[in-house]
Amino acid sequence: MSHTDTATLAAERITLAHQKYIVAENLDLRLPTGRVTAIVGPNGCGKSTLLNGLARIHVPKRGAVLLDGKDIHRLPSREVARKLALLPQDNSAPEGLTVADLVRFGRQPHQGWMKPWSEEDQRTCDRAIQAANMSDLSGRALETLSGGQRQRAWIAMAVAQRTPLLLLDEPTSALDLGHQIEVFELIRELSRQGKTIAMVVHDLASACRYADHMVAMKQGCIIGQGAPHELVTPALVRELYGVSCDLIHDPATGSPVLVNVRRQH
Amino acid sequence: MTPHIITPDKRNMAVHLALAGLLLLVCIAALSIGTVRISPQDTLRALTGSADPMSNFVVRELRLARVVAGLLSGAALALAGCLMQTLARNRLATPGIIGIDNAATAFAVASVVGVGVSVAPPLMALAGAATATAIAFGLAGVQGTRGYRFIVSGIGIGAIAGAVTQVMLSRVAIDAANAAYPWTVGSLNARAEQSVLLLGAGLAIAYLILLNIRRPLNTLQLPDATAISLGTRIKTTRFLGLALSVLLTGLAVAVCGPVGLIALLAPELARSLCRPGRIPLTASALLGAIFMLTADLLGRTLFAPLEVPVGIITAILGSPYLLWILLRPSPRSLT
């Protein structure tokens, strides 16, 4: 396996539901290969549900999620796990579990009855821990780490899975500004190495800054997709969040920044 | 330099070796101590039939079968408990507390006292265990084994099964009730050879299957979404784990009756000894066997010649430990 491995992930007219309640309907989506896609929208718009649908956690009522053109729910689960990793929002772990222990879980899809823990597995874990800048903390129990460190440990686990696709559900929620930047830069770095990434992001400014492609959702529908600087307009912000704002461009990076945000009258 | 001199893998290995050694010692003790005391050396010789005739007879004919029965049933109960705790993510969720023990006992007692059924006790106990689990699962609703409803329905089923056992015993002739009594408290006295053989076979098969699915089982400690994304088929794995837990409980109860608390305490101690993140299957089984044999040895010797059933010993010794676990400020790995 090398970083040049790619895989495509697309949703074709999927309808997702929590038991009886339809959360998202008729969604069409294709993740641009090797890019970072941000899924944005107000609370309860179905963006996490969409991400979980893409990651085969939810089975769509209608339509299909296609991994390399094949229905993801018809593929063997371990085969999918070698192509697609998910960082869920819930990251509770057994107490006492160390960073190194957690990262080892990432090798599970590559192991088997006849394939015990190998040198390569160990190297991959070491590299993943290094990539997440966690080498000094690898022996520490997760509950003794700060929120940002813990989040990086979980990302390291997903990195150790060595999948061409990586999906992250609100990777920076509950992190302070410094830790947010740390995680986002790690995500950018992974994308530079060739991973196709999709993430649910709450903060529109961060999404503009760190994503190449943006999917905007409202009430279970995709209302726009495209490059952040083209997609994000005061009209879109109003439609998504019900607020008025002005838009300027960050002089350093050129990404759109919302200013003068106010309640709409 | 990192201060890790003992790696977690090495620690795990050491724990398992120490437990295996301890189990061996307990086995020898259980074979040598009793009304007739035999020295450890003679006990080992007697196992191969090369000691004096008296020792040979006592060790091989009288004690060996009991020790094997205790070893197997202790290991099976602990393994079943470890599985159930993992699946339910709750350390109280053991077959004993969920009422599977009681239901297995009720069914087995029904066959012993002859309430119109004449199926062998092991099969009846299995049927009872499966029935109780199925009902608890059916009542648990969408959360399956993960929610508190599973545990609460299980407790209810256990109470009903316990009452049914008492009713059956109170309505039959005193002789039949006496024959069934050891069943109700948990004892290694009433074991039948056929049941022990079945338990041995069941334990071996279950253990092999568990070794095979240990990695997916381990991921069940992480959030569901993570387990799925690591390629674990969580429904299949859970079903298999639950089925094996039922099998082990049913077969063990058929041998020793509802010996309480071993299924709760052995995995609990195993978890605190072993490295976190891995379900301590082997360590639980070893500890279960150690607990069972030690408790039985105490029951046989403390008030000799009076024999206290092993289930009463585990209840007396285990309860304070259970209370300590529950009142401890920071529980480990499971809620």
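Summed for both chains, how many Å² of accessible area, to the nearest 100, are buried between B and A with a 1.4 Å probe? For chain B against chain A, roughly 2400 Å² becomes buried. With all pairs of separate Cα atoms included, the protein assembly as shown yields a Kirkwood hydrodynamic radius of 26.9 Å. Summed over the residues of the range B:8-327 and divided among them, the accessible surface reaches 41 Å² per residue at a probe radius of 1.4 Å. The contact residues of the range B:207-233, meaning those that lose at least 30 Å² of 1.4 Å-probe accessible area when all protein chains sit together rather than their chain alone, are B:212, B:215, B:221, B:222, B:223, B:225, B:226, B:228, B:229, B:230, B:231.
Name the shape class, rounded, prolate or oblate, that the alpha-carbon gyration tensor gives for the range B:72-216, where a ≥ b ≥ c are the square roots of its eigenvalues, rounded holds for a/c under 1.5, and otherwise prolate holds if a/b is larger than b/c and oblate otherwise. Because a/c hits 1.5 or more and a/b fails to exceed b/c, the range B:72-216 counts as oblate.
Just to be sure I understand: with springs between alpha-carbon atoms less than 10 Å apart, which residue in A:234, A:251, A:88 has the highest mean-square fluctuation in the Gaussian network model of chain A? Maximum fluctuation in the GNM of chain A, among the listed residues, is at A:251. Relative contact order for chain B: 28 percent, from Cα pairs under 8 Å spaced at least 6 residues apart, divided by residue count. Each of A:58, A:229, A:73 has its accessible area taken with a 1.4 Å probe; listed largest first, they run A:229, A:73, A:58.
For residue B:282, the accessible area of its heavy atoms, probed at 1.4 Å with every protein chain present, is near 40 square angstrom. For the range A:247-265 versus the range A:45-84, the inter-centroid distance based on Cα atoms is 35 Å.
When chain A is treated as a Gaussian network with alpha carbon springs shorter than 10 Å, the biggest mean-square fluctuation among A:243, A:183, A:103 belongs to A:243.
Across every pair of non-identical alpha carbons in the range B:8-327, the mean reciprocal distance, once inverted, gives a Kirkwood radius of 19.9 Å. Taking all Cα pairs closer than 8 Å and separated by 6 or more residues, the relative contact order of chain A comes to 25 percent. Mind scanning A:61/A:83; A:70/A:195; A:61/A:195 and naming the pairs with a C-alpha gap bigger than 26 Å? Checking Cα-Cα distances, A:61/A:195 exceed 26 Å.
A simple charge model with +1 on the Cβ of Lys and Arg, -1 on the Cβ of Asp and Glu and nothing else charged puts the dipole of the range B:8-327 at about 1000 debye relative to its Cα centre. Of B:130, B:51, B:177, which is the most mobile in a GNM of chain B whose springs link Cα atoms less than 10 angstrom apart? Largest GNM mean-square fluctuation: B:51.
Putting +1 on Lys and Arg Cβ atoms and -1 on Asp and Glu Cβ atoms, find which of A:146, B:24, B:181 reaches farthest to the positive end of the dipole of the protein assembly as shown. Going by the charge dipole, the pick is B:181. For the range B:237-328, applying the loop criterion from DSSP together with a ceiling of 11 other beta carbons within 10 Å to the chymotrypsin sites (Phe, Trp or Tyr not before Pro) yields B:303. With a cut-off of 19 Å on the backbone N, the residues of the range B:64-90 near the modelled label site 7 Å out from residue B:328 along Cα-Cβ are B:78-79, B:81-90. Coupling constants for the range A:68-81 follow from the phi torsions by the Karplus curve (6.51 cos²θ - 1.76 cosθ + 1.60, θ = phi - 60°), and in residue order they are 6, x, 10, 4, 5, 7, 9, 8, x, 4, 5, 5, 4, 5 Hz; glycine and proline get x. Residue-normalised convex hull volume from the C-alpha trace of the range B:1-108: 170 Å³ per residue.
Size of the dipole of the protein assembly as shown about the Cα centre, Lys and Arg at +1 and Asp and Glu at -1 on the beta carbon, nothing else charged, in debye to 20?
So the magnitude is around 440 debye.
Averaged per residue, chain A has 45 square angstrom of accessible surface, using a 1.4 angstrom probe with ligands and nucleic acids left out. Could you sort the residues of the range B:271-295 by number and keep only those whose accessible area is reduced by 30 Å² or more in the all-protein-chain setting relative to the chain alone, 1.4 Å probe? Residues meeting the cut-off: B:275, B:276, B:277. As a fraction of the 1.4 Å probe accessible area of the range A:1-130, surface on carbon and sulfur atoms comes out at 47 percent.
Annotation note: chymotrypsin sites (Phe, Trp or Tyr not before Pro) in the range A:130-214 located in DSSP loop regions with a Cβ neighbour count of at most 11 within 10 Å are absent. Extension gain for residue B:57 to residue B:170 (0.36 nm times residue separation, less C-alpha to C-alpha distance): 36.9 nm. Rolling a 1.4 angstrom probe over the range B:8-327 with all protein chains present gives an accessible area of which 70% lies on carbon and sulfur atoms. Using the Stokes-Einstein relation with a Kirkwood hydrodynamic radius computed over Cα pairs, the translational diffusion coefficient of the range A:116-265 at 20 °C and a viscosity of 1.002 mPa s comes to 125 µm²/s.
Using amide H atoms built in the peptide plane, which far-off residues or other-chain residues are under 5 Å from residue A:87 H to H? Amide H neighbours of residue A:87, under 5 Å, 5+ apart: A:167, A:168, A:169.
The values are calculated or read from the model by the stated rules, or taken from the named source; none is laboratory data. Everything numeric in this text was worked out from a predicted model, so none of it was measured. Backbone-built Cβ (ideal geometry, glycine too); neighbour counts: all protein chains shown. Keep in mind that these areas ignore ligands, DNA and RNA; they rest on the heavy atoms of the full protein, side chains included. Shrake-Rupley method; radii C 1.70, N 1.55, O 1.52, S 1.80 Å.
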